[in-house]
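First the structure, in the form of structure tokens, and then the observations on it.
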Amino acid sequence: MNEKINLFLENDNALKNIKGSWNMYEVQKKCSALEVTIKNNKIDSERINLALQKIKENTSVFSNFRGTNRLTTAITISLEEDMESSLKEIISIYDKLKEEFSSSEYLIIASQIIFNARYRVDVDLAVRNTKVAYDYMRKSHRFLTGREDISSAAIIATTSSDIEKTFTDIEECYELIKREKISSSNNIQALSHILSLINLSSKDKCEKVIEMYYVLKENKVPLKDFYLPLLGIVSFLTDNKEGFTKNVVELSKELKTHKGFGNFALGSQLRNMLSTVLVSMEYLDNLDNDLKDSLIDSTNNVALTVVIAMQTAIIAASSAAAVSAAASSASSS
């Protein structure tokens with residue numbers, strides 16, 4: 001585990017050398033460091049800075065690629081041999097998605113999800129199935145489904161072999177977990193989307209998720225709010241949920257001793273989420289059962305799932321700040 005922690009801390013520190021990092025949200029930087037660590041890679045700040053320049057050269061001033069997803073896009077292409085071609089491919093996927101959806105920053109994440117799956121899925125089919133999956137979401141939960149769910153639709157589009165059957169399972173999971181009232185309906189919906197990646201009965205999946213939720217909560221390292229979907233992965237890594245949780249508690253305490261990870265600088269909720277994912281990586285390395293392949297596929301999307309949560313929080317915060325500023329300006333006029 002120390003190897004994973006050291007890699008994560010090294011990646012987090014390397015982000016300080018990224019141009020404009022001072023102007024990035026701390027949660028964005030931590031999640032980006034986590035994304036690279038999950039892939040067992042080291043952040044190359046020079047390549048990321050070059051990737052940021054490539055984005056600037058290949059997009060317009062008002063492009064969504066220059067918004068809050070600028071860093072995640074730069075990191076994605078920095079890990080590819082040909083950065084410029086990779087960026088153009090992501091932009092191409094984005095343009096295809098714009099034919100199905102209105103333009104938004106959430107399409108950037110969806111584009112990256114499809115790009116990362118390009119060797120095992122047909123890209124054009126994945127784009128069309130993203131819209132099919134999103135339409136299923138809207139049909140089942142019209143008032144819960146927003147543009148942030150396009151990213152989850154892309155995950156489903158690149159993993160499901162039968163979208164109709166997948167959404168039958170999703171709805172069963174949603175109803176079972178909703179009865180427990182562990183979070184808002186929107187977060188439960190997001191969790192049910194991730195659960196579609198696990199090849200177990202809806203009842204078995206939900207029982208494991210609820211059990212893990214309460215074990216984490218009782219040990220004061222809960223996964224809640226935007227991070228609830230991660231229960232769709234960690235709940236299936238081991239039957240010894242108490243042992244898993246103790247490892248999360250210990251790691252969270254250790255991270256807290258490092259600069260930038262305290263309650264004031266980072267907050268316990270994000271630190272606990274980071275700890276949970278880092279512990280999950282060790283369990284996944286040692287896993288040897290029939291669920292392993294499904295969990296590997298799921299874990300490959302963990303970083304982007306976290307980014308989805310981060311993106312929602314950032315955009316919500318930005319919108320709230322804009323509304324507050326407008327109200328203040330109006331009242332002073």
I'd like the accessible area for Ile109, computed on protein heavy atoms only with a 1.4 Å probe and all protein chains in place. Round to 10 Å², please. 0 Å²
Using a 1.4 angstrom probe with every protein chain in place, what is the largest-first accessible-area order of Glu164, Glu84, Glu207? Glu164, Glu207, Glu84
Please compute the net charge surrounding Ile55, taking Lys and Arg as +1 and Asp and Glu as -1 over other residues with Cβ under 9 Å from its Cβ. +3
Straight-line reach from Lys96: which aspartates and glutamates have Cα under 16 Å away, leaving out those fewer than 8 places along the same chain? Glu105, Asp122, Asp124
Take Lys203, project a point 7 Å from its Cα along the Cβ direction, then tell me which residues of segment 155-190 have their backbone nitrogen under 18 Å from it. 168-180
About its Cα centre, segment 1-106 carries a charge dipole, from +1 on Lys and Arg Cβ atoms and -1 on Asp and Glu Cβ atoms, whose size in debye to the nearest 20 is 340 debye
Zone residues, segment 24-63, relative to Asn17, backbone N less than 13 Å from point 7 Å out along Cα-to-Cβ: 42-50
Multiplying the sequence separation of Lys98 and Asn240 by 0.36 nm and subtracting their Cα-Cα distance, what value in nm do you get? 46.7 nm
How much net charge surrounds Asp12 when only other residues with a Cβ under 9 Å from its Cβ are counted (Lys, Arg +1; Asp, Glu -1)? +2
What pairs in Lys98/Lys165; Lys16/Lys256; Lys4/Lys178; Lys4/Lys30; Lys30/Lys208; Lys56/Lys259 have C-alpha atoms more than 23 Å from each other? Lys98/Lys165; Lys4/Lys178; Lys30/Lys208; Lys56/Lys259
Determine the order of Lys217, Lys54, Lys96, Lys19 by accessible area, beginning with the largest, at a probe radius of 1.4 Å. Lys19, Lys217, Lys96, Lys54
Neighbourhood net charge (13 Å Cβ-Cβ; Lys/Arg +1, Asp/Glu -1) for Lys42: -3
Where only alpha carbons of segment 71-196 are counted, the Rg and the Dmax (Å): 15.1, 48
For His258, what accessible surface area do you get with a 1.4 Å probe? Give it in Å², rounded to 10. 70 Å²
How much length is gained on full extension from Arg66 to Asp82, taking 0.36 nm per residue of separation minus their Cα-Cα distance? 3.8 nm
Report the accessible area of Ser252, computed with a 1.4 Å probe over the heavy atoms of all protein chains in place, in Å² rounded to the nearest 10. 10 Å²
Considering Cα pairs under 8 angstrom that are at least six residues apart, work out the relative contact order of segment 1-116 and quote it in whole percent. 21 percent
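The values are calculated or read from the model by the stated rules, or taken from the named source; none is laboratory data. As the structure is a computational prediction, the values presented were derived from the model and not from experiment. Every residue, glycine among them, receives a Cβ derived from its backbone with ideal geometry; neighbour counts consider all protein chains shown. Areas reflect the complete protein model, heavy atoms only, side chains present, ligands, DNA and RNA absent. Shrake-Rupley method; radii C 1.70, N 1.55, O 1.52, S 1.80 Å.
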